[in-house]
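Below is one structure, written out as structure tokens; the observations come after it.
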Amino acid sequence: MANESIVKQKEAAVNEAATRIADSKVVIAFDYHGLTVEKFETLRKEVRKAGGEIVVLKNNISRRAAIASGHETFAGQLTGPKAIVFSGNEIVAPAKAVYEFAKKNEVVKISGGIVEGSDVDGAKIAELATLPSYETLLTQLAAGMLGTVRQLAIGLNMLVEQGQEQEA
């Protein structure tokens, strides 16, 4: 009887993790072995500020959840002690938070993850983390557009001045 209840608890944990994987825009797995509790809590706060949540699951549960949600490649990355970041809204910010923390703490190594339903390796997560923020991209776009408009205005002004000189 006790064995049966343990199996049901584990099945519930797998189902909950599979649902979280399916509902997340980004899932990131990283090694944390050797990280102090204080530093881990600091990382947890940073990820929370970035719109994500860190969860530590047993490997067997996280592997089964990844397979149940159709991410076999990601399941293969879940070996050794891993923490998992889930984010349902943000994509870049949680990846950036873990990436920046990993640069300062060499025990943290990004193994891989899932980005909008696609399994990716640690290098792709690092690439994602180094993208400029949405606001920065909008600023760059606006600056590029303003430069073009400014050049057009200067060109039109020169044509008007040229026309006025020819009339005189």
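Just so it is clear, none of the values below were taken in a lab; they were calculated from the coordinates. Values in this document were obtained by computation on a predicted structure and should not be read as measured data. Methodologically, a virtual Cβ is constructed for each residue, glycine included, from the backbone with ideal geometry; neighbour enumeration extends over all protein chains shown.
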Per-residue [θ]222 nm for the chain (sum of -39500 (n - 2.57) over DSSP H runs n ≥ 4, rounded to 500): -20500 deg cm²/dmol
Kindly provide the GluC sites (Glu not before Pro) of region 24-132 that DSSP labels as loop, not H, G, I, E or B, and whose Cβ sees at most 15 other Cβ atoms within 10 Å. Glu106, Glu116
Whole Å is fine, so just give me how far the alpha carbon centre of region 7-75 lies from that of region 95-109. 16
Can you check what the net charge comes to around Asn59, using other residues whose Cβ is under 13 Å from the Cβ of Asn59 (Lys, Arg +1; Asp, Glu -1)? +4
Any idea what diffusion coefficient region 11-60 gets from Stokes-Einstein, in µm²/s, Kirkwood Rh on alpha carbon pairs, 10 °C, 1.306 mPa s? 129
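Efficiency by 1/(1 + (r/R0)^6): what FRET value for Val55 and Lys124, r their Cβ-Cβ distance, R0 = 35 Å, to the nearest 0.05?
0.95
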Which entries in the list Lys8/Lys109; Lys49/Lys82; Lys82/Lys104; Lys58/Lys124; Lys39/Lys124 go over 30 Å, if you measure between the two C-alpha atoms of each? Lys8/Lys109
Among (1) 1.01; (2) 1.31; (3) 0.98, which is the computed Rg/Rh (Cα atoms, Kirkwood Rh)? (2)
